[in-house]
Amino acid sequence: MCGIVAYIGQREAYPILIKGLQRLEYRGYDSAGVALLNGGMHIYKRQGKVSDLIAYTEGKDKTGQVGIGHTRWATHGQPNHINAHPHCSGNGHLNLVHNGIIENYSLLKKALEKLGHTFESETDTEVLVHLIEELQSRDSLTLEEAVRVALSRVIGAYAIVVIDEREPGKLVAARKGSPLVLGIGDDEFLVASDATPIIEHTKRVVYLNDEEIAVLSKDGYMQIKTIGNEVQTPYIQELTLEIERLEKGGYDHFMLKEIHEQTTTIADCMRGRLNATEGWIRLGGVEEFQNRFMKAERMIIIGCGTSWHAGLVAEYLFEDLARIPVEVEYASEFRYRNPIIRESDVIIALSQSGETADTLAAIELAREKGALVYGVVNVVGSSISRLTDAGSYIHAGPEIGVASTKAFTGQVTLLTMMALQLAHSRGTISESYYQRLLTELENIPHKVARVLECEPQIQYIAQEIQDSHNALYLGRGFNFPVALEGALKLKEISYIHAEGYPAAEMKHGPIALIDENMPVIVTATNRNAYDKIVSNIQEVKARKGKVIAIVSEGEKAISEMADYTIEIPETEDPLAPLLSVIPLQLLSYYIAVGRGCNVDQPRNLAKSVTVE
Ligand code: F6R
């Protein structure tokens, strides 16, 4: 949430900042702004997208080799240009960009007001920059010292970058709870919320740790200290990300590209970890903590949104295959409900971004109680990947469309491998079933390619139902979480109200909603409980509901009843979500496009939810 980018070096900062902000726009697009140092300070900010900022700065002085930029997802105060970042100190010398929330800002604000400070915006950020100013002038502190002292008074989460026109050759950056990456180039530094604005300039990066402050100078000097004033030795890492993966590659939207990428991302997730011919699955982190996994009396899976849905699929997988009891929790509920966590529990934290604030807080809680915390994360080097005891990356590559697609199938693939590895070690499935599932899993990317062949048909169905006001998604067993995920995809990008339900549960309430205007999307690939789902569809048809059924190739009974049928290749039930979710992703995508919605940047959403 909110994207930060900063530059200091020998080149013009503005184009670097703007390109960086465009890469970070998935983190928020309520407003955007830059501050450039060139003798004095030039500050430009605008409500709306980075493109609005570009239009606004047309013909204005954008020179300067030091600058900071921000794209905002509003927390405190409306998304207008007064609340847009950067925020300026009262004396006009300092400018600051911030991602996170200063929880004690109103107390600090009152204290500063008593000292004569006045504020223009409603933001917590403006309070922080005034506090730094106050400390500088009251105690004659350098910028770096004033930032350090100010941050020791702040409660909450922050990633910040500050510049001071009186110390023009310097950037000061700091983080706690919100991510910040430093890029080290030749005689230049970049700072950003993630590596995407940095990658085209340098591959050498330092991930700043919580409560660390970096001072970066125009002459190539870098120092990192803790808020407690201890000098740290930076750990410089080499990025492996390729720039092409950040482009749309000929697709109209990132979301469509990412849906199509699933043929390769699922294969990438399995690469080097599964060999069906030789009959093995090896996840390094699971092997390392084999003992803890074998003795686990319970698994608790935590996540938010789509990641939570992947966790629900894993509940079916771990219980069915490995016979381990599983609880799946929303991270935001788990952290605040005084949960019972035992040392014998294994906690699996699921997150695409690796930065979700609620998931991070839940992990901290679980670690305090002595449980093993295993992260399943996409973004390499993210906060969750560094906070967990062990983990596996899903290797889906950058997911830029705000609606998660390939990360979901990456998470499910990884969790399927994990369940199979544990089931095999624990002897809870037969050798022949294990081998069958391995072979089938290895073959899933080919089947995904065949599912994608349904795209024109899905496009047609999307046109037929795109004007609906509501939609109901149904599924049973492994396909129940898929129904939830389908409904979430539709809601977030097309703004159509949608609900996901277990098919049999429909008659306990939602059936009252069904009439000829209600599309009911039923994921019915199950071999298990097939007859039951046929009956559920009959119940919908009896109320004139419009049925869109996703079935396995060659299926007859449902196809005859449904208004529209999408056939996908048959697979084993535990692997069904990897195929059945894809038509639902495409359906949401084409409905949203048909309704003229901004698919990659839906209103009010941000990709990385770094606030509670
Ligand atoms: C939905 C979506 C969100 C995220 C959720 C968790 O398409 O993208 O619901 O799944 O915000 O994010 P991560 O997985 O980054 O922790």
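Miscellaneous remarks
- Here Ser385 clears all of (1) surrounded by 19 or more Cβ atoms within 10 Å (Cβ to Cβ); (2) modelled with pLDDT of 95 or more except the condition numbered (2).
- Criterion: modelled with pLDDT of 95 or more and assigned by TED's automatic domain parsing to the domain that holds Ser392 - qualifying residue of Leu472, Leu422: Leu422
- One residue alone among Val412, Val402, Val377 is closer than 25 Å to Leu24 by Cβ, within 16 Å of the ligand (Cβ to nearest atom) and at pLDDT 95 or above, and that residue is Val377.
- Among (1) in contact with a Lys or Arg (Cβ under 6 Å, 6 or more places away or on another chain); (2) surrounded by 15 or more Cβ atoms within 10 Å (Cβ to Cβ); (3) at negative phi, the one test that Ala529 misses: (3)
- Scanning the range 331-373 for residues that are out of contact with any helix residue (DSSP H, G or I) (no Cβ under 6 Å at 6 or more places or on another chain) and among the hydroxyl-bearing types (Ser, Thr, Tyr) yields Tyr336, Ser344, Ser353, Thr356.
- Residue list for the range 92-147, filter: of a type in the set (S, T, N, Q), out of contact with any Gly (no Cβ under 8 Å at 6 or more places or on another chain) and closer than 26 Å to Gly28 by Cα: Asn95, Ser106, Thr125
- Scanning the range 526-559 for residues that are closer than 17 Å to Tyr501 by Cβ and outside any helix (DSSP H, G or I) turns up Asn526, Ala529, Arg543, Gly545, Lys546, Val547, Ile548, Ala549, Ile550.
- The numbered conditions (1) touching a strand residue (DSSP E or B) at 6+ places or on another chain (Cβ under 6 Å); (2) surrounded by fewer than 21 Cβ atoms within 10 Å (Cβ to Cβ); (3) assigned to a loop (DSSP other than H, G, I, E, B) are all true for Glu200 except (1).
- One residue alone among Ser89, Ser106 is farther than 18 Å from Ala157 by Cα, surrounded by fewer than 24 Cβ atoms within 10 Å (Cβ to Cβ) and polar (S, T, N, Q), and that residue is Ser89.
- Leu312 meets each of the listed conditions (1) at pLDDT 95 or above; (2) surrounded by fewer than 19 Cβ atoms within 10 Å (Cβ to Cβ) apart from (2).
One line per residue, one yes/no per condition, for (1) in a loop (DSSP other than H, G, I, E, B); (2) over 18 Å from His87 (Cα atoms); (3) modelled with pLDDT of 95 or more; (4) among the hydrophobic types (A, V, I, L, M, F, W, C):
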{"residue": "Val147", "(1), (2), (3), (4)": "no, no, yes, yes"}
{"residue": "Ala150", "(1), (2), (3), (4)": "no, no, yes, yes"}
{"residue": "Ala157", "(1), (2), (3), (4)": "no, no, no, yes"}
{"residue": "Ala173", "(1), (2), (3), (4)": "no, no, yes, yes"}
{"residue": "Pro179", "(1), (2), (3), (4)": "yes, yes, no, no"}
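- Single condition Gly250 does not satisfy, out of (1) on the phi > 0 side of the Ramachandran plot; (2) open to solvent by less than 20 Å² (accessible area, probe 1.4 Å): (2)
- Among the candidates Ile324, Ile302, the residue that is touching a residue at least 24 places away in the same chain (Cβ under 8 Å), within 16 Å of the ligand (Cβ to nearest atom) and not in a helix (DSSP H, G or I) is uniquely Ile302.
- Only a single item in (1) closer than 28 Å to Gly477 by Cβ; (2) open to solvent by less than 20 Å² (accessible area, probe 1.4 Å); (3) more than 13 Å from the ligand (Cβ to nearest atom) is not met by Ser425, and it is number (2).
- Just one of the listed residues (His85, His70, His117, His81) is within 18 Å of Gly177 (Cβ to Cβ) and in a loop (DSSP other than H, G, I, E, B), and it is His85.
- Qualifying residues in the range 563-612 (those that are assigned to a loop (DSSP other than H, G, I, E, B) and among the hydroxyl-bearing types (Ser, Thr, Tyr)) - the one farthest from the ligand (Cβ to nearest atom): Thr571
- Candidate set from the range 342-361 (those that are over 16 Å from Gly156 (Cα atoms) and away from the ligand (no atom under 11 Å from the Cβ)); member that is most open to solvent (accessible area, probe 1.4 Å): Glu343
The values are calculated or read from the model by the stated rules, or taken from the named source; none is laboratory data. What you see is a predicted model, and the numbers here were worked out from it, not measured in a lab. Glycine also receives a Cβ, built like all others from the backbone with ideal geometry; neighbour counts cover every protein chain displayed. Surface accessibility is based on the protein's heavy atoms, side chains included, excluding ligands, DNA and RNA. Shrake-Rupley method; radii C 1.70, N 1.55, O 1.52, S 1.80 Å.
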